[in-house]
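Just below is one structure, and these are the notes that go with it.
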Ligand code: T6T
């Protein structure tokens with residue numbers, strides 16, 4: 001270890017000792033120890049990796065411990081046991097991206113009943129309207145996320161423009177029951193129906209978050225529709241796979257691609273002309289405000305019932321702009 005780093009580590013240990021803390025323990029300003037758990041949709045997705053970074057930045061600033069625990073797949077059957085294990089550790093609060101609007105309601109209620117405050121990030125349960133006193137899924141304190149209906153509308157406008165306002169397109173999507181991707185599809189279809197009457201939206205293809213499946217589906221839709229003009233990939237894996245499918249079919253620049261999410265792999269494809277537009281969410285902000293909101297609640301402040309984070313639209317006009325680089329997801 002470099003001398004500078006050694007000194008830093010030694011002074012951190014000394015400080016922890018003075019505060020009566022074991023090495024690695026952190027303490028908030030009120031002298032208490034808080035552990036805030038963040039349960040992502042899945043751990044290996046660049047979107048949630050970036051969210052974790054934002055959450056960690058807030059945790060470091062506030063002196064709280066962040067526990068990041070998730071499963072290898074975006075699937076309620078995988079996520080519920082992870083949630084149960086987190087509840088058993090009795091964290092001070094839980095931030096979670098629920099992988100299904102209905103299947104996570106009862107499992108999360110267990111946390112709520114155990115007195116653990118719940119905030120959902122990225123996705124919601126029920127109808128996403130919390131603290132209303134109505135329904136059985138309004139108990140989370142806050143929902144912190146992108147406006148996914150708006151994002152779907154933005155994607156529709158971008159794709160309609162790319163194809164000259166007419167022709168066949170379809171949505172490559174994950175599976176029904178996920179609030180975010182359901183809302184993106186809803187916004188996309190509404191925008192096309194209201195403002196682009198010459199665009200035909202073909203049947204949605206569901207890929208179960210598998211980019212290879214999304215690529216095969218692109219080729220199958222193209223085989224049935226040789227005049228296919230465009231595809232909207234409604235999340236990272238859908239977009240990545242749809243783009244790969246277009247490339248494998250030799251249709252780069254002919255079948256136009258609009259991507260939701262902005263990992264390096266997708267942004268790099270803007271320069272090659274494979275992808276027209278990537279709509280970057282701001283996952284680091286979601287993580288940051290998630291931790292700040294949990295901390296505010298734990299220390300007696302009231303918190304907003306919903307916090308909306310924005311988008312950055314990346315295309316060939318700004319893909320090289322250093323101000324845009326900070327919105328590209330971390331791998
Ligand atoms: O698009 C994000 C997230 O917003 C969505 O809920 C699930 O998919 C992603 O994680 C991207 O893979």
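The values are calculated or read from the model by the stated rules, or taken from the named source; none is laboratory data. Computed from a prediction, not measured in an experiment: that's the story for all the values here. Glycine also receives a Cβ, built like all others from the backbone with ideal geometry; neighbour counts cover every protein chain displayed.
Descriptive notes on the structure:
- Residue check, residue 305 more than 13 Å from the ligand (Cβ to nearest atom), surrounded by fewer than 24 Cβ atoms within 10 Å (Cβ to Cβ) and outside the structural domain of residue 170 (by TED's automatic domain parsing): yes
- For the stretch 241-281, a residue qualifies if it is surrounded by fewer than 20 Cβ atoms within 10 Å (Cβ to Cβ) and under 13 Å from residue 313 (Cβ atoms), but none of them does.
- Index of the failed condition, residue 86 passing every other in (1) crowded, with 23+ Cβ neighbours inside 10 Å; (2) away from the ligand (no atom under 16 Å from the Cβ): (1)
- In the stretch 26-41, of all residues being in a loop (DSSP other than H, G, I, E, B) and surrounded by fewer than 19 Cβ atoms within 10 Å (Cβ to Cβ), the one that is farthest from the ligand (Cβ to nearest atom) corresponds to 31.
- Screening residue 273 on (1) assigned to a helix (DSSP H, G or I); (2) on the phi > 0 side of the Ramachandran plot shows it passes everything except condition (1).
- Within the stretch 28-54, tally of residues that are more than 22 Å from residue 104 (Cα to Cα) and within 22 Å of the chain's Cα centre (by Cα): 4
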